[in-house]
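The values are calculated or read from the model by the stated rules, or taken from the named source; none is laboratory data. As the structure is a prediction and not an experimental result, all values here were calculated from the model. All Cβ positions, even for glycine, are placed from backbone atoms using ideal geometry, and neighbour counts span all protein chains on display.
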Protein chains: 2
Amino acid sequence: MKPISLSVDAMGGDAAPDVVIDGLDLFFATRSDAHVILHGNADLLTTSVQSRSWSDACTIVDQPDVVAMDAKPSSALRRAKGTSMWGMIETVKQGEAHAGVSAGNTGALMAMSMLALRKMPGVHRPGMTAVWPTLKGRSVVLDVGANLDADAEQLVEFAVMGESYARAVFGKEKPTVGLLNIGSEEEKGRDAIKLAAELLRNRDLGIDFRGFIEGNDISTGLVDVVVTDGFTGNVALKTAEGTARLVSTYVRAALSSSLLSKAGAALAASGLRELKSKLNPSSVNGGVLLGLNGVIVKSHGGTDAEGFSTAVKLAADLAQSSYMDEVAAGLNRVSRLGTSPETVE
Amino acid sequence: MKPISLSVDAMGGDAAPDVVIDGLDLFFATRSDAHVILHGNADLLTTSVQSRSWSDACTIVDQPDVVAMDAKPSSALRRAKGTSMWGMIETVKQGEAHAGVSAGNTGALMAMSMLALRKMPGVHRPGMTAVWPTLKGRSVVLDVGANLDADAEQLVEFAVMGESYARAVFGKEKPTVGLLNIGSEEEKGRDAIKLAAELLRNRDLGIDFRGFIEGNDISTGLVDVVVTDGFTGNVALKTAEGTARLVSTYVRAALSSSLLSKAGAALAASGLRELKSKLNPSSVNGGVLLGLNGVIVKSHGGTDAEGFSTAVKLAADLAQSSYMDEVAAGLNRVSRLGTSPETVE
């Protein structure tokens with residue numbers, strides 16, 4: 001492994017910088033080879049970091065301005081300079097860090113990342129990923145909210161970028177790809193999706209495309225990469241989170257509904273602990289804005305230290321992987337084969 | 001209660017007619033005041049029904065042709081006459097039954113229902129409902145797949161029809177309504193959704209409109225009626241089903257991971273039985289195609305007898321409710337206030 005340098009926005013997120021610093025504790029416990037550049041209020045951070053075992057592996061940069069969690073992307077962009085978020089991205093842009101992480105305002109992070117890092121050649125719209133727990137392990141779903149819509153060509157780009165991402169992050173040689181639709185039959189669905197399926201089937205993109213999948217197929221892990229537009233992906237992701245919480249509430253109620261049930265739950269404690277960890281959203285925290293000249297990982301704003309460490313680990317994994325080269329090669333195949341906007345309509 | 005007459009497609013669904021007949025057993029155990037007109041293969045049905053306690057409350061009509069579960073709606077329409085599904089709908093159309101039920105091919109059922117029953121005045125697109133279990137009880141979500149898209153005016157219609165439906169089925173005086181979006185802020189989301197929100201906010205439709213909700217808000221029961229386009233609603237519904245199954249699998253694994261866990265599960269059996277019944281999709285089975293001159297309930301094709309009885313009960317509840325009048329009044333308010341297609345764009 002080459003030593004990795006990561007740029008971290010210490011002021012982003014609902015409980016920054018405490019969750020960030022505690023998350024880095026957990027991260028460094030598993031990855032001692034990393035160096036972290038921490039952006040934020042230097043006084044505050046210096047005090048907080050100096051007692052940590054990893055204080056020597058950390059550089060603090062004073063960028064005390066904070067992007068408000070509810071700021072509009074446009075207004076955040078106007079006041080970007082001097083913020084910890086902008087500093088974090090700039091460090092990635094300058095090549096001083098292999099990847100960056102923030103738990104701050106999603107819209108602002110996307111807007112600043114696009115402005116600073118620019119899109120990779122051949123990319124029309126970056127797509128935001130989410131890692132999704134499944135019966136078989138994990139899948140990646142994109143776009144989960146970087147855009148409101150996607151035409152056929154953008155869906156094909158998401159497929160190419162998502163496939164490269166899955167190969168880099170999951171270590172799968174040939175990840176399978178499906179298009180999210182409301183039926184698995186060829187003639188069903190919106191025009192953009194049907195056209196995207198045709199392109200993915202007929203062009204020699206080197207992708208193992210499995211056709212349409214439906215909402216219930218995401219959790220079974222039918223494919224490694226689920227491709228959809230940002231609106232649908234965002235609704236699906238949040239609906240799944242809500243459903244998991246609902247069922248968890250039912251389970252807790254069932255196991256405390258009587259003395260016998262409570263005794264049963266006590267006996268089953270070890271199994272239930274495992275269940276809790278499986279349902280822990282912290283274990284899959286971290287979305288990546290694919291298609292930019294640089295790796296920026298978005299952590300959930302309300303995550304805990306464990307969740308933040310998961311996002312930092314993802315950034316480290318991506319930094320050490322061949323992900324950027326994979327995506328570039330994939331995008332190159334797309335444009336060579338003429339699914340670029342000039343030829344597709 | 002006035003005596004109700006229901007029209008039932010006995011041949012629709014993966015395990016017809018057995019599931020249908022067994023489902024009627026369960027239905028009649030709770031509703032002895034109903035009469036059922038059963039459409040299908042008369043020989044088969046007569047043999048099956050004659051031993052049942054409700055055989056006198058049942059009329060069998062010989063319509064032996066079956067709409068294949070995988071038939072395209074267009075081809076099913078061409079061969080509609082003589083099928084049990086068409087016969088079921090015709091009986092509703094003739095006013096011989098207050099409502100109809102089928103577990104058959106969804107696309108064919110929608111196409112035939114629209115052709116035979118026609119849309120109510122003021123309706124541009126019918127919407128399919130789903131009942132969604134929530135932390136607070138139940139909500140209704142629409143459209144879950146009758147259409148691929150929805151413009152602002154159609155979303156307003158769904159809101160009006162869904163609100164009337166919730167009042168009739170849940171017995172709520174003033175159901176709350178939300179628009180599914182990818183953020184709760186006013187400026188977020190697709191144009192059609194933003195325009196629909198404006199119409200729902202500013203027109204005096206008599207609806208308790210609560211603005212935008214996100215995917216995770218569906219399961220908390222934040223609103224009684226969740227309005228969305230058919231594509232998004234279908235993906236959300238199926239994603240939730242998949243997630244519930246995934247979590248249930250985790251729970252089963254957790255409670256059988258060791259001897260202690262198994263012993264715990266045995267002790268907690270009564271609580272877990274309740275959990276199982278809460279997670280049972282049969283308990284919320286039954287979608288309704290809102291906006292037609294007649295009530296047709298769509299049961300899940302793969303449901304069991306209990307699920308089918310839930311769908312029949314829903315048909316009976318709707319038949320006895322003021323739902324049709326409510327919807328008509330709501331649609332009338334919409335067109336009077338000028339959100340009809342002539343004035344909105």
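Here the condition is being crowded, with 20+ Cβ neighbours inside 10 Å and more than 20 Å from the chain's Cα centre (by Cα); of A:32, A:5, A:55, A:48, it holds for A:48 alone.
Considering each residue of the range B:142-196, count those that are among the β-branched types (Val, Ile, Thr), under 30 Å from residue A:69 (Cα atoms) and within 22 Å of the chain's Cα centre (by Cα), and give that number.
Going through the range B:142-196, the residues among the β-branched types (Val, Ile, Thr) turn out to be B:144, B:156, B:160, B:169, B:176-177, B:182, B:193.
With the extra rule that they be under 30 Å from residue A:69 (Cα atoms), the set shrinks to B:176-177, B:182, B:193.
After this cut, where a residue has to be within 22 Å of the chain's Cα centre (by Cα) as well, the list is B:176-177.
Residues meeting the conditions: 2.
In this entry, residue B:178 is excluded by the filter for residues that are within 28 Å of residue B:3 (Cβ to Cβ), more than 12 Å from chain A (Cβ to nearest Cβ) and buried (at least 19 other Cβ atoms within 10 Å of the Cβ).
For (1) more than 18 Å from residue B:304 (Cα to Cα); (2) in a helix (DSSP H, G or I); (3) at pLDDT 95 or above; (4) of a type outside the set (Phe, Trp, Tyr), each residue gets a yes or a no:
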site: B:7; (1), (2), (3), (4): yes, no, yes, yes
site: B:23; (1), (2), (3), (4): no, yes, yes, yes
site: B:26; (1), (2), (3), (4): no, yes, yes, yes
site: B:35; (1), (2), (3), (4): yes, no, yes, yes
site: B:77; (1), (2), (3), (4): yes, yes, no, yes
site: B:80; (1), (2), (3), (4): yes, no, no, yes
site: B:85; (1), (2), (3), (4): yes, yes, yes, yes
site: B:89; (1), (2), (3), (4): yes, yes, yes, yes
site: B:97; (1), (2), (3), (4): yes, no, yes, yes
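Can you tell me how many residues within the range B:195-214 are charged (D, E, K, R), in contact with a Phe, Trp or Tyr (Cβ under 9 Å, 6 or more places away or on another chain) and either under 23 Å from residue A:144 (Cα atoms) or in contact (Cβ under 8 Å) with a residue 40 or more places away in the chain (or both)?
The initial filter retains those residues of the range B:195-214 that are charged (D, E, K, R), namely B:198, B:201, B:203-204, B:208, B:210, B:214.
So of that shortlist, the ones also in contact with a Phe, Trp or Tyr (Cβ under 9 Å, 6 or more places away or on another chain) come out as B:201.
Checking which are either under 23 Å from residue A:144 (Cα atoms) or in contact (Cβ under 8 Å) with a residue 40 or more places away in the chain (or both) leaves us with none.
Residues that pass the stated criteria total 0.
Check the range A:281-293 and report whether any residue there is under 30 Å from residue B:139 (Cβ atoms) and modelled with pLDDT of 90 or more.
First pass over the range A:281-293, keeping only residues under 30 Å from residue B:139 (Cβ atoms): A:281-285, A:287.
Among the residues that remain, those that are also modelled with pLDDT of 90 or more are: A:287.
Yes, the range A:281-293 contains a residue that is under 30 Å from residue B:139 (Cβ atoms) and modelled with pLDDT of 90 or more.
A single entry from B:159, B:166 fulfils the requirement of being closer than 17 Å to residue B:232 by Cβ and in a helix (DSSP H, G or I): B:159.
Between B:293, B:280, B:202, the distinction of being within 24 Å of the chain's Cα centre (by Cα), farther than 24 Å from residue A:213 by Cα and surrounded by fewer than 17 Cβ atoms within 10 Å (Cβ to Cβ) belongs to B:293 only.
Kindly establish whether residue A:95 is touching an Asp or Glu at 6+ places or on another chain (Cβ under 7 Å) and at positive phi.
Values: touching an Asp or Glu at 6+ places or on another chain (Cβ under 7 Å): no; at positive phi: yes.
Judged against the criteria, residue A:95 is not a match.
Do the conditions hold for residue A:321, that is, is it within 17 Å of residue A:129 (Cβ to Cβ) and among the polar types (S, T, N, Q)?
Values: within 17 Å of residue A:129 (Cβ to Cβ): yes; among the polar types (S, T, N, Q): yes.
The answer is yes for residue A:321.
Remark: residue B:138 falls outside the filter, which requires a residue to be surrounded by fewer than 24 Cβ atoms within 10 Å (Cβ to Cβ), away from chain A (no Cβ under 14 Å) and either of a type outside the set (Ser, Thr, Tyr) or out of contact with any Asp or Glu (no Cβ under 9 Å at 6 or more places or on another chain) (or both).
Only one entry in B:226, B:334, B:295 is closer than 30 Å to residue A:149 by Cα, among the aliphatic types (A, V, I, L, M) and outside the structural domain of residue B:162 (by TED's automatic domain parsing), namely B:334.
Residues that are modelled with pLDDT of 90 or more and among the charged types (D, E, K, R) were ranked within the range A:176-201; the one that is farthest from residue B:107 (Cα to Cα) is A:201. Those helices (runs of 4 or more DSSP H) of the range B:187-292 in which 3 or more residues are facing chain A (nearest Cβ under 10 Å) occupy B:215-220, B:230-254, B:259-267, B:269-279.
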